[in-house]
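What follows is one structure encoded as structure tokens, with my remarks underneath.
The values are calculated or read from the model by the stated rules, or taken from the named source; none is laboratory data. Everything numeric here is computed off the predicted structure, so don't read it as measured data. Here the Cβ positions follow ideal geometry from the backbone for every residue, glycine too, while neighbour counts run over all protein chains shown.
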Amino acid sequence: MKRTLSLTLWSIVLTAAPALSGCFALGGFDAEVVNACSSDEDCEGGGVCASVDGFQTCVSTQVDLPGLILEVRPTAEAASGANTPYLVPFGGEGFVDQSSAGLVVDHNIALSHVVVSPIELFVDYDYKGCPLSPEGKLQADFTFYRDAQHAGLPDHEAKAVIQPGSTDAYSVEIPPGIYDVHVAPRAPENCPAPPPPPMYYRGINLNQGGKIDLHLSAEPRVISGSISFPEGKDLNGWSIEVVEPKHGIPVSRTQVLTVDPPLALFTTYNLEYYWDFGLESSPILRLRPPPDDPNAPKFFWQVASLSPLNPDSKNIQADLTLIDLDAVGREVTSFVIDAHDQPVVATVAFSSLELSGNASNSAIYNVVVDTNDQGEFSALLPPGKYRVTTHPIFDFTKAVTTHDGFEVPADGECVCGKGFTVQDKSVVSGEVVLPNGAPLSMGSASVSPSRTPERPYLSRSLLADEPASQPMSTPLGFGGEFSLLADPGLADLLVVPSPGSLYPWIANPQAKVTVGQPLDFTTLILPYPVVLRGEVRDPLGQIVPNATLRAWMPVKASGTEQTVVIQIAEGATDFDGHYTLPLAPSLALSK
């Protein structure tokens, strides 16, 4: 459709011909950025003219969004499910369809809860001679963690509550899904012994609700031994515990170490824990300094690796030899500059890749310092090799920059004179046009770091993460052009038209930004949308006004077989619980 009307004349036409207007608030809009039509001839570029809530709009005739997930988040004041992120899969194949008449799909959303009840914990052995109830049940604290299946989807956590009139039966009301459950038993009444250690159950399908009976059929496992002191550190007040390998949630009680007499060179530990997931998923032994001693390393071991000849033993003796690990910090004095040798004010993060000493593969040390106005800083670092990440604070033209292999030697008193150079950010640019070739002159473009696959707790602890950059956004120019600066790495590009235009977002995932090289998306064609519309009702059957709706698509993370998500749309329900959500018919292909 040739759109040459001025905004004033367009407003008059809208008043005289409601069929062209849609439900748009056009104050400040140019006619070019409103998706409206009177016939198929107006929908140049592959769309057809169809009715959306009584208004004529150009829409696509096919859609290919496999795995589409809708998130519905009621307001904090909602009568049911307040501020809960409900995840609603679109269907078995996702949103895949075609229609020569255009795709305007009615899709009502009924939010639901499942009730898990009763939840009971049974002890099926003589618990240290302590009296139990006739049924052998224990009180406990139950916490449910949703496993959203794709990295980047919102988390949800819920705690079970005691059933009315009961002392040892619990219930929880949660959105359907797959959950991990952490159980922290309480000591039996009139029992002088401590309670059994916490337990962790994973991957429980709770889509249908129902009861959960948990049984402690045998006494817990035990890991114990001695711990020698790392050089320069007294372990008095340090804590040690066994944690599960996914999140690092404790599955033993935490033991705070004591050192007696004062001149001792080692201390002892003894931990009970439950673990029944086999050798392929060993729990982690974690040793950490007290909060008031930040200049100390942390230690992590796979329990199975501490007993390689019998890794599934019920009783593991593991002496932890740290005496050769040099934990005494060496003074590091350095500075941050840019490619033109000018000082850069920055935050500098050190993450150990390898510490010197015999426990180097099990230890990690992190420290974060700020430079002064001249880009200078000093820090104390134990000997070893580090990943150094500089985050410029004020100059947003400078990139988050990583240096691997920075070495702090064991000898000498100072590491001085070596500077860190930050790179300039790369330019990401392009232009956005409507299906008829006219520029999209109202909207924004943004880049943000692509979500990364979830890593096991031990990997996250011992291997430094890639640096995370800040999202950057810019308004589109009058010619639909955009240009912004981005840090190196994988980034998601989003183009968001003006709200109410009934044009969809463009989502381009996993684009590679390289240091010193511009990334030009050239011309991005804004497609005609497929339109989802309907109403949202809560688990009580009541309409849900003012709820936030987001659409997510799973994509394969670059270089892996794992999936992450990218957001492809956002909207809200109106006062009557209705929503209209325009979606791009497919994801853009990244460069």
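Of all positions in segment 428-441, none carries a residue that is surrounded by 14 or more Cβ atoms within 10 Å (Cβ to Cβ), touching an Asp or Glu at 6+ places or on another chain (Cβ under 7 Å), free of Cβ contacts under 8 Å to residues at least 40 places away in the same chain and part of a strand (DSSP E or B). Here residue 197 fulfils each of the conditions (1) assigned to a strand (DSSP E or B); (2) surrounded by 14 or more Cβ atoms within 10 Å (Cβ to Cβ) apart from (1).
Quick check on residue 348: is it surrounded by fewer than 21 Cβ atoms within 10 Å (Cβ to Cβ) and of a type outside the set (Phe, Trp, Tyr)?
It is false that residue 348 is surrounded by fewer than 21 Cβ atoms within 10 Å (Cβ to Cβ) and of a type outside the set (Phe, Trp, Tyr).
Residues that are closer than 17 Å to residue 282 by Cβ and assigned to a strand (DSSP E or B): does segment 209-222 have at least one?
yes
Checking each residue in segment 367-392 for being in contact (Cβ under 8 Å) with a residue 60 or more places away in the chain, under 22 Å from residue 297 (Cβ atoms) and in a strand (DSSP E or B) picks out 367, 380, 387, 389. Across segment 170-213, the number of residues qualifying as of a type outside the set (A, V, I, L, M, F, W, C) and within 22 Å of the chain's Cα centre (by Cα) comes to 11. Annotation: residue 146 fulfils all but one of (1) over 27 Å from residue 211 (Cα atoms); (2) not in a loop (DSSP other than H, G, I, E, B); the unmet one is (1).
No other residue among 412, 405 is in a strand (DSSP E or B) and at positive phi apart from 405.
Residue count for segment 332-345 under the criterion of being crowded, with 20+ Cβ neighbours inside 10 Å and of a type in the set (Val, Ile, Thr): the result is 3.
Scanning segment 290-306 for residues that are surrounded by fewer than 17 Cβ atoms within 10 Å (Cβ to Cβ) and part of a loop (DSSP other than H, G, I, E, B) gives 290, 291, 292, 293, 294, 295. Residue 142 meets each of the listed conditions (1) within 32 Å of the chain's Cα centre (by Cα); (2) modelled with pLDDT under 95; (3) under 26 Å from residue 246 (Cα atoms) apart from (2).
Looking only at residues in segment 114-139 that are among the aliphatic types (A, V, I, L, M) and not in a loop (DSSP other than H, G, I, E, B), the one that is farthest from residue 218 (Cα to Cα) is 114.
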